[in-house]
Amino acid sequence: MENLRTKDNSEYVELGLLEKKMTSELFEEIQKYRIRKCQRIEGLHKEYNAPVITLGINYPGIIKNNELTELILTEVAKQFEEIFQKKILYSKFCSMKEGSVIYYVVKGDSRTLKENTIYLEQNHDLGCFINVDVFDHDEEFPITRIELSHEPRKCYLCNEDATLCEKNKTHDHSELIDFMQKKVDEYFKHNLEKIH
Ligand SMILES: [Zn+2]
């Protein structure tokens, strides 16, 4: 009995270490990704002295780069560029496995820009899958919905506060991804019908 228990324990410890190792590697990877993103935003602020807007994907898990997320990002970006047109001073699509990001520098008042991007998130058919952040050139953190008296973002599956669903892991990743795929299929079907 004693031997068996020891074996069980050792297996448990090994598994624990493996998980810990993977987590710290992933953690490091995410940290690097965040630092790169901050540096890019800071660099653009210095160069243009204007608000920086990032378009990223709202997708479960750490690795977010795939055909589905690229499609969503590209489609919402088209609408974004139609809205802001000549106010866009710079744009760059950065493909990364942690999720592609499009960086824009846009002329104008940062709070007004944030209002416009909230409208885009709420009204584009695929807007709920996109995160738009607006960084004013003299502020470190993005402008929040709350400071503009908007409600926090809702979960696209159950309509609860999205951060709570994420924190409590309310939905399986597969459930979220299936929903996204369904919405993207509907979106393209609808848009092709409009063209023909
Ligand atoms: Zn939910």
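Read-outs throughout are calculated quantities, based only on the coordinates presented, and are distinct from any laboratory measurement. Note that this is a predicted model, so its numbers are computed, not measured. Here the Cβ is made from the backbone with ideal geometry for all residues, glycine too, and neighbour counts use every protein chain on show.
Observations on the structure shown:
- Ordering PHE141, THR170, ILE83 by the projection of their Cα atoms onto the charge dipole of the range 60-196, which places +1 on the Cβ of Lys and Arg and -1 on the Cβ of Asp and Glu, puts ILE83 at the extreme positive end.
- For the chain, the relative contact order comes to 21 percent (Cα pairs under 8 Å, sequence separation of at least 6).
- Acute angle (nearest 10 degrees) that the helix 2-48 long axis makes with the longest principal axis of the chain, alpha-carbon atoms: 20
- Magnitude of the charge dipole, the chain, Cβ model with Lys/Arg +1 and Asp/Glu -1, debye to 20: 480
- Axis angle, to the nearest 10 degrees, between helix 110-123 and the longest C-alpha principal axis of the chain: 70 degrees.
- Computed from the C-beta positions of CYS158 and ILE30, the FRET efficiency with R₀ = 30 Å rounds to 0.70.
- Ellipticity estimate at 222 nm from DSSP helix runs (n ≥ 4, -39,500 (n - 2.57)) divided over the chain, nearest 500: -19000 deg cm²/dmol
- Short to long, the 5 Å bins of the Cα pair-distance histogram for the chain hold 1, 6, 13, 16, 18, 16, 11, 7, 4, 3, 2, 2, 1, 1, 0, 0 percent of all pairs.
- Calculated FRET efficiency for the pair ILE88/ASP172, C-beta based, R₀ 35 Å, to 0.05: 0.40
- Annotation for LEU71 and GLU47: the two label points, set 7 Å from Cα along the Cα-Cβ direction, are 3.2 nm apart.
- Distance (nanometres) between label positions extended 7 Å along Cα→Cβ at GLN39 and SER95: 2.2
- Under the simplified labelling scheme, the HIS150-GLN181 pair shows an inter-label distance of 3.0 nm, with each label point 7 Å from Cα along Cα→Cβ.
- Under 22 Å from the Cα of LYS32 - lysines, other chains or at least 8 residues apart: LYS20, LYS21, LYS46, LYS64, LYS92, LYS97
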